[in-house]
Amino acid sequence: MMLHIGLDDTDSPEGGCTTYVAAVLVEHLIGIGVEFIGYPTLLRLNPNTPWKTRGNASVCLRLKIDDSKYPEVREFVKGLVEKYGEFTCDNTNPGVVFLKGEVPDDVKQYSDTVVKSLVEKKLAVDLIEKHNLDFLEYKNGRGLIGALAAIGGTLEGDFTYELLAYRIPENWGTPRKIDLDSITKMDEALSGYTYNNVDEKGKPLILPRGPDPVLYGVRGETPEDVYRAMDLIESLSPLSGG
């Protein structure tokens, strides 16, 4: 069957990262032999949302699995959220939505609404109930808003690719170790193919400032472009999964 897994609201300004949760999930799914439908999708939600955790983006994985594996996948997702969710933060209210089959048109329309405006959780819950979707929610469950929006954000218009490199857990919360000159050289080599790598003064823009797992993130026009960028960037500390 086709399965869409939407996740949101596991992070906080003090740490965590929903894309990291998704990356760990991807590794597990590869291990059990699922077939992915395209790359994971990252949906940037309304940046003016007052209750956003940090970057205000939600994630969706789309895959084909045997029906018999669904309970295992659901349980693994539950364990990941409970392990990595930043539950001590008031604004962290994780939500996960599971949708089987094709994405309904009203869920796609809902996703567009969430990107452009503020919506209440009830709108997400109404659609979840209408389509009889399975879900997980924690605390006030506001993450269901973004999780369902990620599923509906099928990226049928213009979009870019983003490559995220993660630090090993021992290095979370420590200064990022990376050759800054290599970022400048990468930016020069891939000008026009990758974006917003450095500012007008040459300061790197691809490095987060928080204690989260991300070492750096590069955006570009194609998967090949961002992989080329990774080859040019010199990390001075080990990468998670690398």
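The values are calculated or read from the model by the stated rules, or taken from the named source; none is laboratory data. Since this is a predicted model, take the numbers as computed values, not measurements. Virtual Cβ from ideal backbone geometry, glycine too; neighbours counted across all protein chains shown.
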**Message:** So, in the stretch 1-24, exactly how many residues are touching a helix residue (DSSP H, G or I) at 6+ places or on another chain (Cβ under 9 Å), of a type in the set (A, V, I, L, M, F, W, C) and under 17 Å from Asp66 (Cα atoms)?
**Reply:** 3
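One line per residue, one yes/no per condition, for (1) charged (D, E, K, R); (2) under 22 Å from Asn46 (Cβ atoms):
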position	(1), (2)
Leu80	no, no
Asp90	yes, yes
Pro104	no, yes
Lys116	yes, yes
**Pair list, Cβ under 9 Å, 6 or more apart: the stretch 38-56 residue more than 16 Å from Arg142 (Cα to Cα), other residue surrounded by fewer than 20 Cβ atoms within 10 Å (Cβ to Cβ) and hydroxyl-bearing (Ser, Thr, Tyr)** = Tyr39/Tyr161; Thr41/Thr154
**Asked** Counting only residues that are in a loop (DSSP other than H, G, I, E, B), of a type in the set (A, V, I, L, M) and without any contact (Cβ under 8 Å) to a residue 40 or more places away in the chain, how many does the stretch 82-128 have?
**Response** 1
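To keep it simple, each residue is scored yes or no on (1) closer than 30 Å to Arg228 by Cα; (2) out of contact with any Lys or Arg (no Cβ under 7 Å at 6 or more places or on another chain); (3) at pLDDT 95 or above.
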| position | (1), (2), (3) |
| --- | --- |
| Glu129 | no, yes, yes |
| Tyr138 | no, yes, yes |
| Glu162 | yes, no, yes |
| Arg176 | yes, yes, yes |
| Asp179 | yes, yes, yes |
**Asked** For Asp181, are the conditions met, namely being farther than 17 Å from Leu43 by Cα and loosely packed, with under 15 Cβ neighbours inside 10 Å?
**Response** yes
**Request:** Within the stretch 186-202, identify whether any single residue is part of a loop (DSSP other than H, G, I, E, B) and either in the same structural domain as Gly6 (by TED's automatic domain parsing) or hydrophobic (A, V, I, L, M, F, W, C) (or both), and answer yes or no.
**Result:** yes
**Prompt:** If you check Gly173, Gly210, Gly202, Gly192, which single one turns out to be on the phi < 0 side of the Ramachandran plot and among the small types (Gly, Ala, Ser)?
**Reply:** Gly210
**Item:** Selection status of Ile206, in a loop (DSSP other than H, G, I, E, B), buried (at least 19 other Cβ atoms within 10 Å of the Cβ), modelled with pLDDT of 95 or more and not hydroxyl-bearing (Ser, Thr, Tyr)
**Value:** yes
